[in-house]
Every structure is written in C-alpha cells, then in structure tokens.
Amino acid sequence: MVKSRVQFICQNCGSVHQRWAGKCDACGEWNTLVEEGTSGGIGSGPANSRNARKGRAVVLTTLSGDIEDAPRIISGIGELDRATGGGFVRGSALLVGGDPGIGKSTLLTQAAAALASKGHRIVYVSGEEAVAQIRLRAQRLGVASAPVELAAETNVEDILATIADGKRPDLVILDSIQTLWTDLADSAPGTVTQVRAAAQAMIRYAKSTGAAIVLVGHVTKEGQIAGPRVVEHMVDGVLYFEGEGGHHFRILRTVKNRFGPTDEIGVFEMSDKGLREVSNPSELFLGERHAKSPGAAVFAGMEGTRPVLVEIQALVAASSLGTPRRAVVGWDGARLSMILAVLEAHCGVRFGQHDVYLNVAGGYRISEPAADLAVAAALVSSLTGLALPADCVYFGEISLSGAVRPVAHAQQRLKEAEKLGFGSAVLPLGSEELAGGIGAGAFQPTELADLVARIAGSRRGRADDEE
Ligand code: TYD
Ligand code: MG
C-alpha cells in the first residue's frame, strides 16, 4: 500500500503546497488552495518508487519516415483554419479556451458539422450539455443533418472505450476539459489533478492513434475550477476565443502553436444563426466610426500576415481629482503612461491636470507597439479639441527619447488603408521603400514633436480659412 499524502494545489496556477493557506504564494490569488489526495495519482512520483516496475525498451526511430494521411484536416471555415495555421493537425491536441458563453461550443459544433459533411469521422463529446441541448443548437445552426457522432459523457475511460469502436476518428472534440474525470486520479472533477490527468490521457490517445483532439477550456476568474492554463504546456496548440460583451464580433487568437505561426487571428461575428466569418476585419472595426470628432485616430495595424485597421479613441478631460485617472480598454496601460510621459517631456504637452481615457473601438485588443503614434495623435487631438483629418491612418513606434521609429510591413499597412479609401498617412521615416500610392504623399516625422506641431498647426490653418 502506498501511503496517501495530502497536498494542497492552487486551482489557479497549479502550484503544490504542503499546508493550506488563504493565499497562494506562487500566484497571489486568494482562496484557491484545494486539498487533493495523491495516492497512486498522476504526478505522485517518488512516493511510488518502491513498487516501480523495470523499464521497457522502446524502439528508436529516424526523423524521416512515412506519415499516413494528410497531416492536416481542413475545416473549410477560413478564419478557423487561419488561426490553427492551416487546419487541425492529426495526432495533436488543441486547447480552445475562453470565457463561458463566448461561443466555443458554437464554433466547434460548426467545425464538426463542416468536417463530418466532408466525410471525416468526427466525435463530439459534451460533458456540459445534454444531447437534446446540443441538438437544439445544431438545429439553430442549420447543421442538424451533418453525420457528427455525439455523446454526453464525462469519464475518460468510457470515452476512450467508445471511440475505440469502429474506424479511428479524425477529430474528437471534448467540451469541456473541466468536466472530464479519470479513474486514475482521485480528486473531484474540475480540480487541477483531474484536469491534468484527463488531458494527459486524451493527449496520449491522440499521439498513439493519430486522431486530432480538441479540448475546450473555460477561463475561470474565481479559481473554483482549474482554468485552461494548467494544461497549456501539455497541448500542441492553444487558441483563445475572445470578445467583449455588447459587441458581436469574436476573435480567435493563437497563443501557442507547435505546427504554425502564433500571431494569427480569426475574426467572427456572432449572429442568430451561429458564427459568421469576417474575412475583412478592418471594415467591421471601422464600421461604427464617426469621423471628424477630436480624439479619434485610425491605426493601421498588423495581425500576423494580415493588416487590420482600427480606430483608437482618446478622451482627455479636465480632472477634479488630486491624482488624475488613466483608464485603458484594449491596450496596455503601462504603454499609455509611457506615451503620456514622452508627450510631456519632449513635446511640452501637459496631462497632469487631466483625466485620460483610451479605448480601442469595437472591443479589439492591440498588442503591437506600432500603435504608439496613433495613440499619441488621438491624445493630442482630444487635448487640443482639434479633429484629425478623417482620411488619415497612423502607425509607428515611439521611443523614450521622443523619436519615431520604423515598424515592419509599412507597405502592406498602406495598401490596406488605400483599399479602404484612406488618402493620407503618418508613418515613420526610414520604413521600407514605399511604392507610390498614399505612401508618396505621407507625412514622415522623425520626432514625435513634429507630429504634435503639425496637429497644433492645423488650428492656425483652420483660423485662416475662416477669416
Ligand atoms: P456557446 O457556444 O454555448 O458558448 P460557450 O460554449 O463558449 O460557453 O454560445 C453561447 C452564446 O452564444 C449564447 O449566449 C447564445 C449565443 N448564440 C447566438 O447568438 N447565436 C447562435 O446561433 C448560437 C448557437 C448561440
Ligand atoms: Mg459550451
């Protein structure tokens, strides 16, 4: 008999503690430590060393060799295939994470139906919903006739026995990983130990049979159940499905991909008949734009290989507080502080008495430093009350010295802007060769102060017109 040792595992970060505490030392979350037994469980390691068996020799092989079937299964849903790097990879495990209710089951039902209609064997196992609920969703999506094999089950051993029957499935979807449990671990479903053990069993199945596996994981804030983070390192790819409440579009963002690029996004719109692909996101993000109001600047960004235009909105208002407010949605708060500091130190623009709010339109999130220039333009425009030209796009990185630095893909960004009817651009000097178009007449400041002077100068221009 192996003596059972009691451990406390943080449900947020997965760190192991010997004693219970209110706060996890590793990640700082409160009330996330849960007692989990380890007798014979996964990861108990040295506790079992006395009855460890002798190792069995495995056959070593070569890098080259036959791979059966096409290595990828293409769903035909363009935005999904883009995010996965060209389709689901056989023999791999993919994690699709996201907030509850964002549309993960909807997306995967649509993908399952599309693949099954093409003749692939697709198994959809739901641990969250009853068969009737899944059927209702399929009806709503208009895919009820697709030959997807469906089960409502949560035990890993039962699932493996079920799919071992008949032809090997091409894709197995497990919705969600937090409902699965295996006989091998004796913790409650949803705990870190169970989630890891169940994921491990399914990944082992994928590697040994060549079926592709999709694990759905809910992002959890309270730490009541283990979040998808605890299996991120075990799977081959991680996609997060994101969106803002109140907006219809959803972004499928690649966070990890052992078989493709990690900076791609897929863009969808949630409609009453499921998710619709958005192949030109710029049109969507600029759709709600009110040109001509101060504080708005259009940023020409890049997401992986694709240019995305989005509006950045700033509001600078006189503050009645001792410490003025800075609030950011869709961008990095630390980066905003940096831009404000550069504007104060090198351009003589003062924000010390003002609240500053920054918003990226449409619930979109920007991680590129190339947005600096558009943010600075929006801030100065709002502070001065001078609207920026409505047909102008901005991109460029700003350094702490106040210099405007070149960014990659200038030509591609400009081309997208041109396609959407923009007529001018502000971008860094020293970007790659610009072949005509709006690049030819672009304003290319080397210092942020040049751009500030230009925006402030537009007041004089306008006053002259009125005289
Ligand atoms: P769901 O896929 O169940 O989310 P998740 O699996 O991530 O928890 O989607 C739930 C939301 O999507 C729900 O609020 C209803 C909405 N929805 C639509 O707007 N249109 C549709 O066609 C479907 C199926 C769902
Ligand atoms: Mg769901």
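The values are calculated or read from the model by the stated rules, or taken from the named source; none is laboratory data. Since this is a predicted model, take the numbers as computed values, not measurements. Positions of Cβ are backbone-derived with ideal geometry, glycine not excepted, and every protein chain shown enters the neighbour counts.
Identify all residues within segment 6-53 that are modelled with pLDDT under 60, on the phi > 0 side of the Ramachandran plot and surrounded by 12 or more Cβ atoms within 10 Å (Cβ to Cβ); write none if there are none. Listed by number, the residues that qualify are G40, G43. For the residues G85, G119, the requirement of being more than 24 Å from the chain's Cα centre (by Cα) and more than 13 Å from ligand 2 (Cβ to nearest atom) singles out G119. Just a yes or no: is a residue in segment 124-141 in contact with a helix residue (DSSP H, G or I) (Cβ under 7 Å, 6 or more places away or on another chain) and more than 16 Å from ligand 2 (Cβ to nearest atom)? No, segment 124-141 contains no residue that is in contact with a helix residue (DSSP H, G or I) (Cβ under 7 Å, 6 or more places away or on another chain) and more than 16 Å from ligand 2 (Cβ to nearest atom).
Within segment 171-186, which residues are buried (at least 20 other Cβ atoms within 10 Å of the Cβ) and at pLDDT below 95? Once the filter is applied, which keeps residues that are buried (at least 20 other Cβ atoms within 10 Å of the Cβ) and at pLDDT below 95, segment 171-186 yields D175, S176, I177, Q178, T179, L180, W181, T182, A185.
Can you tell me which residue among L284, L343, L321, L336 is part of a helix (DSSP H, G or I) and without any contact (Cβ under 8 Å) to a residue 40 or more places away in the chain?
On the way: L284 fails: without any contact (Cβ under 8 Å) to a residue 40 or more places away in the chain; L343 fails: without any contact (Cβ under 8 Å) to a residue 40 or more places away in the chain; L321 fails: part of a helix (DSSP H, G or I).
Going through L284, L343, L321, L336 in turn, the sole match is L336.
Candidates P100, P189: the one that is surrounded by fewer than 16 Cβ atoms within 10 Å (Cβ to Cβ) and at pLDDT below 95 is P100. Residues in segment 128-181 that are away from ligand 1 (no atom under 12 Å from the Cβ), in a strand (DSSP E or B) and not aliphatic (A, V, I, L, M): E149, N155, W181. Of all residues in segment 138-155, those that are in contact (Cβ under 8 Å) with a residue 40 or more places away in the chain and under 25 Å from D272 (Cβ atoms) have Cβ atoms under 7 Å from Cβ atoms of residues that are within 16 Å of ligand 1 (Cβ to nearest atom) and assigned to a loop (DSSP other than H, G, I, E, B), 6 or more apart or on another chain, in R140/K273; L141/K273; G142/K273. D372 satisfies every condition listed in (1) in a helix (DSSP H, G or I); (2) among the charged types (D, E, K, R); (3) over 21 Å from L286 (Cα atoms) except (3). The set of residues in segment 66-113 that are within 16 Å of ligand 1 (Cβ to nearest atom), among the aliphatic types (A, V, I, L, M) and not in a strand (DSSP E or B) comprises I77, L80, A83, I102, L107, L108, A111, A112, A113. Checking every residue in segment 252-271 against the condition of being at positive phi, surrounded by fewer than 13 Cβ atoms within 10 Å (Cβ to Cβ) and over 13 Å from the mean Cα position of the chain (by Cα) gives zero matches. If we scan segment 114-127, do we find a residue that is assigned to a loop (DSSP other than H, G, I, E, B) and within 16 Å of ligand 1 (Cβ to nearest atom)? Among the residues of segment 114-127, at least one is assigned to a loop (DSSP other than H, G, I, E, B) and within 16 Å of ligand 1 (Cβ to nearest atom), which makes the answer yes. Only residues that are more than 16 Å from ligand 2 (Cβ to nearest atom) and among the polar types (S, T, N, Q) were counted across segment 142-187, and they come to 5. The listed residues are H247, H290, H233, and the only one of them that is modelled with pLDDT of 85 or more and surrounded by fewer than 24 Cβ atoms within 10 Å (Cβ to Cβ) turns out to be H233. Against the conditions (1) within 22 Å of L239 (Cβ to Cβ); (2) among the small types (G, A, S); (3) in contact with a Ser or Thr (Cβ under 8 Å, 6 or more places away or on another chain), A199 satisfies every one except (3). Restricting R204, R196, R168, R135 to residues that are basic (K, R), out of contact with any His (no Cβ under 7 Å at 6 or more places or on another chain) and surrounded by 17 or more Cβ atoms within 10 Å (Cβ to Cβ) narrows the list to R196.
Out of V380, V375, V360, V342, which single residue is at pLDDT below 95, within 21 Å of V426 (Cα to Cα) and crowded, with 17+ Cβ neighbours inside 10 Å?
Working: V380 fails: at pLDDT below 95; V375 fails: at pLDDT below 95; V342 fails: at pLDDT below 95.
Sole residue among the options that is at pLDDT below 95, within 21 Å of V426 (Cα to Cα) and crowded, with 17+ Cβ neighbours inside 10 Å: V360.
For segment 99-116, the candidate set comprises residues that are of a type outside the set (A, V, I, L, M) and on the phi < 0 side of the Ramachandran plot; within that set, the residue that is farthest from ligand 2 (Cβ to nearest atom) is Q110.
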